[in-house]
Structures are given as C-alpha cells and as structure tokens.
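In what follows, a single structure is set out as structure tokens and then discussed.
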C-alpha cells in the first residue's frame, strides 16, 4: 500500500475523530472549570467556616453552598453607590500593582465584555471599512453621532467603534466618520459569538432552525 492510498483511507477516520474531539473538548473544559470553581469555593470558604465553628459542624459541600449567598450579597452591595465607590477605590489600589494589574484588568475586561451591563453600552452592531482594500470588520458603536457627548475630540459626524479581537481578550476603539460604518441587522449576542469564535459558531437562531429540521 502506497502513501497516497493510505492517506485517502485514513481521511474519513481522521475527520470522524476531529468531530468527536470538537464535541468532547468544550464539554470537558466546561466541566473542568466548574469543578475548579466549586473546589476553590469549597476550600476557601470551608476553611473560613472551620475557623469560626467546630470541625464537627462542617460537612462536604458546605463551602460551596456558602459561596452562593456570598456572591449574591456582593452583587447586591455593588448596586449601592456607596459600596460601589468603595469597591472602585479598592480596585484602583489593586491595579497599581504591576503584575497583578495586567492579570486582573485582562480578566475584568474580558468578563465585562459579555455582561449585560456592557452589552447595553453597545449602541449598534456595525461593519467597519478597514483599509487597505475592501476589508470589513465587525464592531460595536459605543458613542453615536446622534447623542450628546462629553468628548470634545469626537466631531459631530464621527462615532466611536469598539473592535473586539477573536480568540483573545481585548480590542481596540477607533474614532471614524459615520460614512465608514454600516449598520447590520445582528444582535449584540450573536455578534460577540461570531467575533469570539472567528465565525466558526453560528448564531442562536440558526442553531434553533437546524435543530428543528433534524
């Protein structure tokens, strides 16, 4: 058997293997992350519980159960302007530490990108003309030309557009003329999913239609 024949026979096998791998990897990473979060909460809050109460009162899983109301109360406190200002003051102290600043701000910016609060700041999904050539890039208008703005460096016919990166954290914000952007009929969630996966994953509506047809 020559190499070409062997390669042609192995191609369907490798294709099937890759399909299985693509199905297993996301599930495995998701479960690993969930177990890691549960284990971390169990270890940290469990030790705190043992510090204040007898060890005989502790049962496995209590640390994770205690973590749920803790997260809820933190979110409730942050809705208060007073606690929000205090949190921001603490955050400013944290980001002054060189190495911690890089890690913390990257994680904070990435998680806030997918939060409902941040999505509300995206006015419209647009296609941006990117020179040279006829290239276009998906972005989000964050400062529109139809609203009052406090930024004096943005002209009346200009908009601010946020351009996220694919498969990595962060993005760039560009100021450009309104004529260089074109609004598209696409939800913020679908646009974020398209950018984050470089277009590999379709939108939710397409996935629902495909599942209904099957």
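At-a-glance table
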{"quantity": "Approximate spin-label separation residue 106-residue 32, in nm, with each point projected 7 Å along Cα-to-Cβ", "calculated": "1.7"}
{"quantity": "In nm, spacing of pseudo-spin labels at residue 178 and residue 129 (7 Å Cα→C-beta vector)", "calculated": "1.6"}
{"quantity": "Per-residue Cβ neighbour rank within 10 angstrom, fewest leading, 22, 186", "calculated": "22, 186"}
{"quantity": "Sorted by Cβ neighbour density within 10 Å, fewest at the top, the residues 141, 27, 95", "calculated": "27, 95, 141"}
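Every number in this text was worked out from the coordinates using simple rules, so none of it is lab data. Keep in mind the model is a prediction, meaning the values are calculated, not measured. Neighbour counts are summed over all protein chains in view; Cβ atoms, including those assigned to glycine, are modelled from backbone coordinates with ideal geometry.
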